[in-house]
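First the structure, in the form of structure tokens, and then the observations on it.
Laboratory data are not the source of any read-out in this text; all were calculated from the coordinates shown. Please read these numbers as outputs of a predicted model, since none were measured by experiment. In this analysis, Cβ positions are derived from the backbone assuming ideal geometry, glycine residues included, and neighbour counts consider all displayed protein chains.
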Amino acid sequence: MTLKKCSRCTVYSMKGQRLGEARVTHFGDTVTLFFGDARLRDPKIKAKINFYDDVVGVLQTNCTLKVERNTVAGASEPLMADCKITDVTNVIQRQKDVRVKVEIETPFFSNKRGSFMGVIDNISAGGIYLITKQTLEPNEIISFEYRFKSLMRHFDVMAIRAKQESSGRYGYGCRFINLTDGADAAIRSFVYKKQLETRMADPGM
């Protein structure tokens, strides 16, 4: 299977030890990895690699890496590797409606109500489920900031539906709006990783 739109991956030894994350470039069957910090000792290794592809989903693969120094002057990633995907062992397909359970407490902001605290109870590529003591109106737009990947980003969401929760709190199904490509990719990567963690913790799922 060829990568479609992938910029990041996580590399593991064949025994499952995490070796590091890498930036990915690809064209056709040619895949190159760039490492800023990785525990790679041998010039040629076999590895298990999870590719986070914005189109396909998470590809769990077996690969062969040919590791060498990055000779580009001033490069922030000292190592690079030619990567040959020898086997795709599993694909967790990208689905917008797949939600993952989280517990992210963070400040939110509304033009009508100012700042208030809330907990993101679950998240998908399409939106969040927010639990808060603050009442919101249908279609009200609120915002928050969070680091789902490497950068702290600003996110806008619209409250679509409401539900009475316990202890005087309210639950709101919220849809992401005005997402940039970078913010969208960061959320997808976060959701994929959470899906993967859940599956690895419970292989019977």
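Determine the dipole magnitude for the chain: charges of +1 sit on the beta-carbon of Lys and Arg, -1 on that of Asp and Glu, nothing else is charged, the reference point is the Cα centre, and the result goes in debye to the nearest 20.
Working: 32 positive and 23 negative charges, 64 e Å.
It comes to approximately 300 debye.
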Please give, to one decimal in nm, the separation of the simple spin-label points placed at Lys15 and Ser167, each 7 Å out from Cα toward the Cβ.
4.3 nm
Rg and Dmax of region 100-200, Cα atoms only, in Å
13.2, 43
Longest principal axis of the chain (C-alpha) makes with the long axis of helix 181-201 (C-alpha) an angle, in degrees to the nearest 10, of 80 degrees
Along region 160-174, Karplus-curve 3J(HN,Hα) (6.51, -1.76, 1.60; θ = phi - 60°) to the nearest Hz, with x for Gly and Pro, reads 9, 9, 10, 8, 6, 9, 6, 6, x, 9, 10, x, 10, x, 10
With the crude spin-label approximation of a point 7 Å out along Cα→Cβ, what separation in nm comes out for Ile104 versus Thr89?
2.8 nm
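Set the Förster radius R0 to 25 Å, insert the Cβ-Cβ distance between Thr71 and Asn178 as r into 1/(1 + (r/R0)^6), and round the FRET efficiency to 0.05. Mind showing how you got there, number by number?
Numbers: r = 41 Å, r/R0 = 1.63.
Here the calculated transfer efficiency is 0.05.
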Roughly how far apart, in whole Å, are the Cα centres of region 107-162 and region 1-74?
34 Å
Putting +1 on Lys and Arg Cβ atoms and -1 on Asp and Glu Cβ atoms, find which of Gly168, Asn139, Ser189 reaches farthest to the positive end of the dipole of the chain.
Ser189
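Using only the Cα atoms of the chain, construct the convex hull and provide its projected area averaged over every direction, in square nanometres to one decimal. Kindly include the intermediate steps, with their values, before the conclusion.
Numbers: hull surface 53.9 nm².
Taking a quarter of the hull surface, the average projection is 13.5 nm².
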Taking 28 Å as the cut-off for C-alpha to C-alpha distance, list the pairs among Lys112/Lys193; Lys112/Lys194; Lys112/Lys163; Lys46/Lys101; Lys66/Lys101 that go past it.
Lys112/Lys193; Lys112/Lys194; Lys46/Lys101; Lys66/Lys101
Counting only residues 5 or more apart in sequence or on a different chain, those whose built amide H sits under 5 Å from that of Gly57 are Arg94
Straight-line reach check, Lys4, cutoff 16 Å on alpha carbons, 8 or more apart in-chain or any other chain, hits among lysines -> Lys84
